[in-house]
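The values are calculated or read from the model by the stated rules, or taken from the named source; none is laboratory data. All values derive from a computational prediction rather than experimental measurement. Counting neighbours? That spans all protein chains shown, and the Cβs are built from the backbone with ideal geometry, glycine included. Protein only, heavy atoms only, side chains kept; ligands, DNA and RNA dropped before computing areas. Shrake-Rupley method; radii C 1.70, N 1.55, O 1.52, S 1.80 Å.
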Amino acid sequence: MKRLMAMACAVALVLSGCGLGTSGGFVPTGALQGPLRSVKSLDGLSIAIGSKNFQEQLILGKIAAILMRSAGAHVQDLTNMPGSDTSRQAMIGGQIQMAWEYTGTAWISYLGHDTGIPDKQKQYDAVRKEDAEKYGLVWLKPAPMNNSYGFAMTRKESDRLHLTKLSQVASLPMKERTFCVESEFANRNDGFEPMLEHYGIPLGSGVPRNNIRTLDTGAVYAATSHGDCRFGEIYTTDGRIKSLDLVVLQDDKKYFPAYNVAPVISKKVLDKYPQLQDLLQPVSDKLTDPVLIDLNAQVDVDGREPADVAMDWLVKEGFVSRD
């Protein structure tokens, strides 16, 4: 209870401060095109859109804000919130009415389950049902993209070893089974050590402890690219996968939970403006792993603004034209 009160206070302070109301920055607008041209106007809707404070969430938040503004809604841009807990408490508390959320994150971190569900549809169905019953939040159909944990290696080594799947790691000599991981994944109940057991290479007898390096997230990518470890822990839609030309190994034994992103909207708002589903669903359906990797790289690697990246993509896909 103390933790919830602290988070609620933090949310209240953040939202009442002068920073977050404008921290999202500029939101472009345009005219709806293509499959969105016939969407009923959102005139009269005043909605606050939130996001967490990493690049993928900022891009997704801007996409939603651009679409709703272009459909006639008054949008309060509350993207760039400091962390998942803040975003979640703002959603439950009604300070925001829409955000993009990940099925696995909601299931484990918000709804308190010990382990995730690897099957995408089953994970989505479970989250949608429980979040609606407990909190009155509606999960629209998830996007194809899955920002899960994973492991990657350099393309050169993948080609040399003919290795593209996690199950193939067990076929390598012990000295080749070297890993770089971040501390959170190394210590999670559903993290590194259970993953090794799942793939038949348990810590100790399958992968010696001195074959493992624990690093910060950014350092994991650099160490993997430089060959300091054969396999590096990654997020499967991270833009650095593309810029470093890493090969993500297929989770062919289905260890990792599904982390598909979906628009989550307050039931009260969606009941009054059901056309929000018509507005968001065609766009969500286009958000695949390669698309998010490319969009994230434009922000993480090229230094572009999330709002510009979001607008350019919507125009390119024929959803919006510029005013």
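Residues that are assigned to a helix (DSSP H, G or I), open to solvent by 10 Å² or more (accessible area, probe 1.4 Å) and closer than 25 Å to residue 225 by Cα: does region 257-270 have at least one?
Keep residues of region 257-270 that are assigned to a helix (DSSP H, G or I), which gives 267-270.
From the residues that got through so far, the ones that are open to solvent by 10 Å² or more (accessible area, probe 1.4 Å) too are 267-270.
Retained after the next criterion (residues that are closer than 25 Å to residue 225 by Cα): none.
No, there is no match, as no residue in region 257-270 is assigned to a helix (DSSP H, G or I), open to solvent by 10 Å² or more (accessible area, probe 1.4 Å) and closer than 25 Å to residue 225 by Cα.
Can you tell me which of 272, 253, 267 is out of contact with any helix residue (DSSP H, G or I) (no Cβ under 9 Å at 6 or more places or on another chain) and over 17 Å from residue 145 (Cα atoms)? Write out each step before concluding.
Numbers: 253 fails: out of contact with any helix residue (DSSP H, G or I) (no Cβ under 9 Å at 6 or more places or on another chain); 267 fails: out of contact with any helix residue (DSSP H, G or I) (no Cβ under 9 Å at 6 or more places or on another chain).
None of the other options fit; the residue is 272.
Of the helices (runs of 4 or more DSSP H) lying entirely inside region 165-242, those carrying at least 3 residues that are touching a residue at least 24 places away in the same chain (Cβ under 8 Å) and within 27 Å of residue 303 (Cα to Cα) are 217-226.
Does residue 44 meet the test of being open to solvent by 30 Å² or more (accessible area, probe 1.4 Å), modelled with pLDDT under 90 and on the phi > 0 side of the Ramachandran plot? Walk me through how you get there before you give the answer.
Values: open to solvent by 30 Å² or more (accessible area, probe 1.4 Å): yes; modelled with pLDDT under 90: no; on the phi > 0 side of the Ramachandran plot: yes.
No, not satisfied.
Of 247, 261, all but one fail to be closer than 16 Å to residue 313 by Cβ, hydrophobic (A, V, I, L, M, F, W, C) and either modelled with pLDDT of 95 or more or in contact with a Leu (Cβ under 7 Å, 6 or more places away or on another chain) (or both); the exception is 261. Residues in region 98-119 that are within 30 Å of residue 73 (Cβ to Cβ), charged (D, E, K, R) and open to solvent by 30 Å² or more (accessible area, probe 1.4 Å): 0 in all. Could you list all residues from region 273-318 that are free of Cβ contacts under 8 Å to residues at least 40 places away in the same chain, more than 22 Å from residue 33 (Cα to Cα) and either in contact with a His (Cβ under 9 Å, 6 or more places away or on another chain) or not in a loop (DSSP other than H, G, I, E, B) (or both)? Across region 273-318, the qualifying residue is only 290.
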